[in-house]
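Shown next, in structure tokens, is the structure this report addresses.
Values in this text are rule-based calculations from the coordinates and carry no lab data. Quantities reported herein were computed from a predicted structural model and do not represent experimental measurements. Reconstructed Cβ throughout: ideal geometry from the backbone, glycine too, with neighbour counts over all protein chains shown.
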Amino acid sequence: MGYTIAQKIIKEHLVTGEMIVGTDIGLKIDQTLTQDATGTMAYIEYEAMGIPRVKTEKSVAYIDHNTLQTGFENADDHRFIQSVCKKHGIYFSRPGNGICHQVHLERFGKPGKTLIGSDSHTPTGGGIGMLAIGAGGLDVAVAMGGGAYYITMPKMVRVNLTGKLNPWVSAKDIILAVLRVMSVKGGVGKIVEYGGEGVKTLTVPERATITNMGAELGATTSIFPSDETTREFLKAQGREEDYTELSADADAVYDEVIEINLSELEPLAACPHSPDNVKPIKELEGQKIDQVCIGSCTNSSYLDLMRVAHILKGKKVADNVSLAIAPGSKQVFNMLALNGALGDMIAAGARILESACGPCIGMGQSPNSKGISLRTFNRNFEGRSGTADGQIYLVSPETAAVSALSGVFTDPRCLGEAADIEMPEKFLINDNMVIEPASVEDMDSVEVLRGPNIKSYPETSPLTDTIEASCSLKVGDNITTDHIMPAGAKILPLRSNIPKISEHCFTVCDKEFPSRAKTLGKSIIVGGENYGQGSSREHAALAPLFLGVKAVLVKSFARIHKSNLINAGILPLTFTNSADYDKIKLGDMLELPNVKEEIAGGKQVTVVNKTTGESIVADCELSDRTREIILAGGLLDYTKENS
């Protein structure tokens, strides 16, 4: 039996375990990336491990999230990260150099290599044939220190692409079509691998758009073959020597196969408030819009923005629309400036933003009250834009640009013959905003600079024999990390200050939660299906940890968030019988009478509702390793004990 592309890379990097679906495996990690919203805590954790220099082939820290500096906090974090990088062997991408996933694809990604990043959209690297996985900051810190990265061996899904996209239908429409089929939880425990003759018709940036939004499927990662198209992209980036051919074996076996005929696709939109709430643009045509934002790590490539410039050239943005455009990297920005495309955008009335995440994470450009905003981003969770009642639609750059001109939802196929825009034979290469680390000889002389907003990792302790705590919060299905730990310009600067940021924990759902949890001292959260979907931010576990949350009991978890809870030493429990969800109410006193013994001995935990007298059984699915992490009180404690 042959191997899939992902299985080949896993086999090459397997440190512990066997490639048996559902079992724990450890992988050697070649590269890591962090961004500044998660990076400060990741480097605090790295320092706590006491390893003087990173052991990966390449680790890069990017400044791309917290670039709106309305106070000292973000600037202090950036200074801290830069000094840590200089000292410990990490490359530092300065603010303005671009979005981590876009820059990493352009300048550092290598087919066949493993990459983990403290950002859930790290699978963007799958567009170039990497096994690229989003992870919590502590997992990234451990990998930088030379430790293996552990996942549950995923199932393999093949998305078979046939045909060719019609004019004005784009890669964004492909991934929206996949989301319509699989849903936001259909990829959990799976790697999505793209194949078929249709793959050859897609450029690397188009492939990266698709793997980027694979995160919205809940998938471990997504990956494309590394082929002649990949080689041409790397050659144009001056990195042809990084090319390795990678394809699935002809007799590779997949657990699931999905057929997508590119010729049959049409322009699509993900409607509020979920990336899988997908409808054809033709069903939305004519509805008034208020704002258009083009950019993010999903759709800010040179190819994307050249198409946007072509549509905008010689025209004017509608009077009722605010149009903002953010090139994904300095490379893209500079090339657009030199070839005149940037001027076409500006002349049309676009507001040009810096090369950063910006509006995607609520960092500026929040729409008006109840405003309808078309965005080329990857998430449209409620409130994520910074406007609580904002109506966010996810669309392609082509749909976004033509709708900005008309002022209403518009199908870009109305434009007629599509522009013939080719990938450049050579990209403009200038890495002067990537700072190399100090040499081994000089690293000891580098001082790490800390600002007053940088606080230490929350205190942890080993699992106790019993847990008795109130239900401090009860929530429903599809709770995202944006619900748990909101983003936005006011809150993101607090990412290095867990005590302060915890004051905003779950306030989207219940404004009283932080004060209630703090008063209780220790508590348990109850939730529904797909709890913790979305971002990789470990702060969605660290803030509850600081507030005394001892366990989270839900119907099902999203992969990364469950890992982050385990890393923080918080018990991840699931209802054995989902109907038991209705047996617990806010304020009920819950007891886990023999929890330490039960965790050590198996996978089920007894939960007694002392308020009602009822008793239920919960599952706690842990590998031998994660069981030891929970017993130790979290990954940091476990790593110290076993180093």
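Structural remarks
- A dipole drawn for the stretch 496-617 from +1 and -1 charges on Cβ atoms has a positive end, and of Leu542, Leu573, Ile599 the residue lying farthest that way is Leu542.
- Options Val552, Pro514, Thr152, ranked by Cα towards positive dipole end of the chain, top entry (Cβ charges): Pro514
- For peptides 428-439, 587-598, 413-424, 307-318, sequence by mean Cβ density within 10 Å, most packed first: 307-318, 587-598, 428-439, 413-424
- Rg over Rh for the stretch 268-415 works out to 0.93, using Cα positions for both radii and the Kirkwood form for Rh.
- If the segment from Glu266 to Leu68 were pulled out straight at 0.36 nm per residue, it would be longer than the present Cα-Cα gap by 67.6 nm.
- 0 to 90° range, to nearest 10: angle between helix 302-312 axis and the chain longest Cα axis: 60 degrees
- A straight line joining the Cα centroids of the stretch 458-473 and the stretch 481-517 runs 20 Å.
- Length-normalised contact order for the stretch 467-642 - Cα pairs under 8 Å, 6+ apart - percent: 23 percent
- Cβ-derived FRET efficiency at R0 22 Å, Asp389 paired with Lys288, nearest 0.05: 0.85
- Simple label model, 7 Å out from Cα along Cβ direction - Asn577 to Lys279, nm: 4.0 nm
- In degrees, nearest ten, helix 330-339 long axis to first principal axis of the chain (Cα): 10 degrees
- Prolate/oblate/rounded label for the stretch 313-380 (Cα gyration tensor, a/c 1.5): oblate
- Taking Cα atoms only, the orientation of helix 171-182 departs from the longest principal axis of the chain by about 40 degrees.
- In this label model, Glu228 and Val408 are separated by 4.5 nm, measuring between points 7 Å along each Cα→Cβ vector.
- Around the Cα centre of the chain, unit charges on the Cβ atoms of Lys, Arg, Asp and Glu (plus for the first two, minus for the last two) sum to a dipole of about 1100 debye.
- Relative contact order (percent, whole number), the chain, Cα cutoff 8 Å, 6+ residue spacing: 14 percent
- Put a plus charge on the Cβ of each Lys and Arg, a minus charge on the Cβ of each Asp and Glu, and nothing anywhere else: the dipole of the stretch 276-365 about its Cα centre is then about 220 debye.
- Sum of side-chain charges, Val446 neighbourhood, beta-carbon under 11 Å (Lys, Arg +1; Asp, Glu -1): -1
- Rounded, prolate or oblate (a/c below 1.5 giving rounded, otherwise prolate when a/b exceeds b/c) for the stretch 242-310 by Cα gyration tensor: oblate
- Candidate lysines for bridging to Lys87, where Cα separation is under 16 Å - those fewer than 8 sequence places away on the same chain excluded: Lys55, Lys58
- Rounded if a/c under 1.5, otherwise prolate or oblate - the stretch 467-642, Cα gyration tensor axes: oblate
- The distance separating the Cα centre of the stretch 54-111 from that of the stretch 542-606 comes to 34 Å.
- The listed peptides 88-94, 371-377, ordered by packing as a protection proxy, come out as 371-377, 88-94 (highest mean of other Cβ atoms within 10 Å first).
- Helical mean residue ellipticity (222 nm; -39500 (n - 2.57) per DSSP H run of 4+; nearest 500) of the chain: -8000 deg cm²/dmol
- Calculated FRET value between Thr611 and Glu459, using beta carbons and R₀ = 41 Å, to 0.05: 0.90
- Sorting the segments 615-621, 509-515 by their mean number of nearby beta carbons within 10 angstrom, highest to lowest, gives 615-621, 509-515.
- Taking each residue as 0.36 nm, the span from Lys315 to Thr23 lengthens on full extension beyond its C-alpha to C-alpha distance by 99.5 nm.
- About the Cα centre, charge dipole magnitude for the stretch 467-642 (Lys/Arg +1, Asp/Glu -1 at Cβ), debye: 540 debye
- For Tyr149, net neighbour charge (Lys/Arg +1, Asp/Glu -1) across residues whose Cβ lies under 12 Å away: -1
- Summed residue charge, Cβ within 9 Å of Arg107's Cβ, Lys/Arg positive, Asp/Glu negative: -1
- Spacing of the modelled spin labels on Val253 and Glu57, each 7 Å from Cα toward Cβ, amounts to 3.0 nm.
- Pairs of alpha carbons in the chain separated by more than 50 Å make up 7% of all such pairs.
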